[in-house]
Amino acid sequence: MQFANINGITLHYQLIGAPEGKPVIVFSNSLGTDFRIWRDVIVRLAGDFAIVTYDKRGHGLSDIGSSPYRMDDHVADLAGLLDLLNVKDAIICGLSVGGLIAQGLYASRPDLVRALILCDTGHKIGTDDLWNSRISAIEENGIAAISDAILERWFTQKYRDEETEAFAGYRNMLCRTPVAGYTGTACAIRDTDFTEGAKRIAVPSIGIVGDQDGATPPALVEEMAKLIPGARYQVVPNAGHLPCIEQPVVLTDVIRAFIDTLSEDNATAH
Ligand SMILES: O=C(O)CCC(=O)CC(=O)O
């Protein structure tokens, strides 16, 4: 296992392959998940890319630190980790709040970002009321008490019915997220609006979404993609909020096809 102290926080991360010589893909996670959710995508990309995954503060094996957080805290953690690993010009793949972190990273440290893969995310996710009532519910009764509703947004009905062991395991991952980590990050999401920032993104970008995403539905991801100049948009069939779990083969193909367009862009530019 790999750990680093970034901004006074012990962050759990994983570097696969050498960041020199190969394109680097960095995966940033959604709320209530840790980096194991990328496993079935990473096994299909390793070898062709160097890969960085990490647990944001308050999640997985990383420290909780001082909660609530600001989006800037999460962004500074990712920037610090990439500086430590000497990674520049990376393809940042952010899922949900990870997509907000990716947009924030581009805004504050564009030198770190070659391209953006914005998966099941938005320029603004949810409303103050939605986040405040979710935070209160969790502070009163814990995450498990509202886990059914969360998991219905994460996974399609078919997955919930058929993948019973995996579904139970992902419920464990969600419910074992520290309350302060979950609610602290929920505050950061509540207080973030990248509507204007999205219009200023000037690296190749794609918005990707599961067709049955109940948290950041296709209409939101499409709206975000329309704000970003030149961004592509792709729907993944038969997936909820976490296509990396439900449709890893399709998602990997979409990621590879997008990355192929980056070298075509380079060839055109020369
Ligand atoms: O998943 C995220 O990072 C934020 C969106 C969300 O709250 C998903 C859910 O409904 O649990």
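The numbers here are math on the coordinates, done by the rules we state, and not lab data. Remember, predicted model here, so these are calculated numbers, not experimental data. All Cβ positions, even for glycine, are placed from backbone atoms using ideal geometry, and neighbour counts span all protein chains on display.
With an 8 Å cut-off on Cα pairs and a minimum separation of 6 or more residues, tell me the relative contact order of the chain in percent. Relative CO of the chain lands at 20 percent. Overall dimensions of region 133-270, expressed as equivalent-ellipsoid semi-axes from the Cα gyration tensor (√(5λ), whole Å, largest first), are 31, 20, 12. Highest mean packing first, where packing is the average number of other Cβ atoms within 10 Å per residue, the peptides 116-126, 76-86 line up as 116-126, 76-86. Counted by Cβ distance under 12 Å from Gln14, the other residues give a net charge of 0, where Lys and Arg count +1 and Asp and Glu count -1. Since only Ile259, Ala219, Thr195 are under comparison, the one whose Cα sits farthest along the positive direction of the charge dipole of region 151-270, derived from C-beta charges on Lys, Arg, Asp and Glu, is Thr195. The HN-Hα couplings worked out from phi for region 222-237 by the Karplus form 6.51 cos²θ - 1.76 cosθ + 1.60 (θ = phi - 60°) are 5, 4, 4, 4, 5, 6, 8, x, x, 5, 8, 8, 9, 9, 9, x Hz, whole numbers, x standing for Gly and Pro. Summing Cβ point charges (Lys, Arg +1; Asp, Glu -1) relative to the Cα centre of the chain gives a dipole of roughly 320 debye.
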